[in-house]
1. For the pair Arg13/Ile109, report the inter-label distance in nm, with labels modelled 7 Å from Cα in the Cβ direction.
2. What value, in deg cm²/dmol to 500, does the helix sum -39500 (n - 2.57) over DSSP H runs of n ≥ 4 give at 222 nm once divided by the residues of the chain?
3. When the chain is fully extended, how far beyond the present Cα-Cα distance does Asn69 get from Leu28, taking 0.36 nm per residue of separation?
4. Please compute one quarter of the surface area of the Cα convex hull for region 30-86 and express it in square nanometres.
5. Report, to two decimal places, the Cα Rg of region 90-153 normalised by 2.2 N^0.38 Å (N = number of residues).
6. With both bridge residues required to lie in the chain, what share of the DSSP beta bridges run antiparallel, to the nearest 5%?
7. Please compute the contact order of the chain in relative form: average sequence separation of alpha-carbon pairs under 8 Å and at least six residues apart, divided by the residue count, as a percent.
8. Please quote Rg/Rh for the chain to two decimal places, taking the Kirkwood radius as Rh and restricting both calculations to Cα atoms.
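Bear in mind that the values in this text are calculations on the coordinates, not laboratory data. The structure displayed is predicted, hence computed values, not measured ones. Every residue, glycine as well, gets a Cβ built from its backbone with ideal geometry; the counts of neighbours run over all protein chains shown.
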Amino acid sequence: MLIYSSIVEKLVRKTFLAVQNHNYEEVLKGVSSNNLTHRFAGPNSLGGIRHDKEALGRWFKRVGTVLPNLKFEVTSVLVQGGPWNTTVIARWVATCNLENGEPYVNPGIHVIKLRWGKAYDFDVYEDTFAVTAGLEKQAKSGIAEASAPQIVS
């Protein structure tokens, strides 16, 4: 299982880079079309639950719009289970400069479930206050989508 865990860890790190580089089509290639659940907590334009790839694709595009310079430092990845039932915990720190010049720093984790190489269940845990405050500042700087209704499905 060590080889499998290493492969999954590299894939997870590559996926965070793809999000950072706004390569959402690449990200969505690794997402299942069946029984999909993506949860992002918080009372803001990124919060909510999505159950289909189309909505998830719109959500990723929104992330790129509201936090266009977002960078991820993946600090650790834990992989448990085999290809038929894999759980991944990825710890990260998200950073960027907001439009008003203030720094945005938000540490968090993803808990991701994979089946045969496709992610189907995502829980994102981060500082929801930092997300909401950052998005409010982005909205005040003219990024209207930072205060748009949640994308849910």
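1. About 2.0 nm separates the two model spin labels.
2. It lands at -11000 deg cm²/dmol.
3. 12.8 nm
4. 5.2 nm²
5. Working: Rg = 14.3 Å, N = 64, 2.2 N^0.38 = 10.7 Å.
The value comes to 1.34.
6. Antiparallel: roughly 85 percent of the beta bridges in the chain.
7. So the answer I get is 27 percent.
8. Numbers: Rg = 15.2 Å, Rh = 15.7 Å.
With Rg and the Kirkwood Rh in hand, the quotient comes to 0.96.
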